[in-house]
Amino acid sequence: MTNGSRAVAEGGENESHAEGGELVPGPFASTGTRLRAAREARGLSIADLATRTRITARHIAAIEAGDFASLPGRPYVLGFARSYAREVGIDDRAIADAVRRELDAAAPQPEPRKINQFEVGDPVKTPSFVLTWLAVALGLGIVVTGFVLWRSYYWPAAELPSLVAPAGAPARPGPRPAPAAPPAPAQPAGGPVVFTAREPGIWVKFSDADGRQLMQKQMAMGESYTVPGEAKGPVVWTGRPDALAITIGGRPVAPLAEREGVVKNVPVDAAALLARASAAPTVPPLAAPSTAQR
């Protein structure tokens with residue numbers, strides 16, 4: 001059997017046929033069939049072609065069988081096919097184009113892209129009535145809130161009065177004179193003597209005329225101490241006489257000093273304190289005591 005008749009038997013009449021002893025590929029022959037027919041027409045085996053092209057016999061057999069997927073990659077398929085074609089006397093460019101077409105035809109086609117378009121008449125894709133009103137209410141709330149914030153920051157609350165009086169308007173009266181100060185209250189005749197700390201951490205020590213200690217501590221702010229009425233000649237020792245408010249019978253009297261400084265053994269009975277006071281008290285009102293009077 002000749003090469004041509006063997007090719008017909010193996011590939012069918014549509015692949016190749018013998019013409020004058022030479023194998024001619026048919027119009028529907030694949031690229032591998034055309035290459036194999038040209039190789040056999042030249043009397044070359046796969047081993048001979050592998051030696052000449054330095055392409056392994058396994059790859060040559062894969063090209064002839066059209067099994068391009070078993071080759072390393074597309075560039076190798078094209079390169080091997082062109083080398084094969086040049087060796088058997090076929091136009092390598094035409095073979096390369098044919099191989100490209102077969103590769104493109106064998107490649108899986110991408111899935112068509114689905115575009116979900118909004119359809120007005122589709123009830124599934126149309127927002128519900130409640131959702132629509134919620135979106136409208138949210139938009140109105142944002143607008144109202146923005147307007148309130150803008151008005152509070154950038155809109156004046158009231159217009160400023162004019163500095164120029166209108167023509168024919170009566171002149172505004174001038175400031176009224178301050179009322180006369182009330183007469184100074186009479187000095188308290190007597191009563192319990194109470195010391196109250198106007199600042200935190202005021203150290204004080206109270207003793208009597210015999211040197212017996214009545215009280216010694218750091219008074220908290222607002223804390224009060226009542227000098228015992230039965231104490232004989234009570235005196236005080238402190239470094240902050242200006243921070244001690246004094247009342248006699250519930251009425252304030254002048255402090256022991258107007259500025260910070262150590263005072264020692266200063267009499268603090270009612271008579272001695274009243275003798276020191278020469279004017280109406282100017283001490284501001286006291287805060288509520290933090291501890292009970294002792």
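The values are calculated or read from the model by the stated rules, or taken from the named source; none is laboratory data. Computed from a predicted model, the values in this text were never measured in an experiment. No Cβ is skipped: glycine too gets one built from the backbone with ideal geometry, and neighbour counts run over all protein chains shown. Note: areas computed on protein heavy atoms with side chains; ligands, DNA, RNA excluded. Shrake-Rupley method; radii C 1.70, N 1.55, O 1.52, S 1.80 Å.
For residue 253, state whether it is out of contact with any Asp or Glu (no Cβ under 7 Å at 6 or more places or on another chain), open to solvent by less than 10 Å² (accessible area, probe 1.4 Å) and within 18 Å of residue 275 (Cα to Cα). So residue 253 fits the description; yes.
Let's see how each residue does on (1) free of Cβ contacts under 8 Å to residues at least 24 places away in the same chain; (2) assigned to a strand (DSSP E or B):
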site: 209; (1), (2): no, no
site: 221; (1), (2): no, no
site: 229; (1), (2): no, no
site: 237; (1), (2): no, yes
site: 242; (1), (2): yes, no
site: 257; (1), (2): yes, no
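Just the residues that are open to solvent by 30 Å² or more (accessible area, probe 1.4 Å) and at pLDDT 90 or above, please, taken from the stretch 234-250. Answer for the stretch 234-250, where residues must be open to solvent by 30 Å² or more (accessible area, probe 1.4 Å) and at pLDDT 90 or above: 237, 240, 242. The residues in the stretch 16-55 that are over 20 Å from residue 93 (Cβ atoms), among the hydroxyl-bearing types (Ser, Thr, Tyr) and modelled with pLDDT under 90 can be counted, and the count is 1.
Applying a threshold of 7 Å to beta carbon distances and a minimum spacing of six or more residues, or different chains, the list of pairs starting in the stretch 40-51 at a residue that is under 12 Å from residue 84 (Cα atoms) and ending at one that is assigned to a loop (DSSP other than H, G, I, E, B) and open to solvent by 20 Å² or more (accessible area, probe 1.4 Å) reads 50/56. Scanning the stretch 259-272 for residues that are touching a helix residue (DSSP H, G or I) at 6+ places or on another chain (Cβ under 9 Å) and either outside any loop (DSSP other than H, G, I, E, B) or open to solvent by 100 Å² or more (accessible area, probe 1.4 Å) (or both) yields a total of 6.
Within the stretch 51-63, the set of residues being of a type outside the set (Lys, Arg) and either open to solvent by 20 Å² or more (accessible area, probe 1.4 Å) or in contact with a Pro (Cβ under 8 Å, 6 or more places away or on another chain) (or both) comprises 51, 53, 56, 57, 59, 61.
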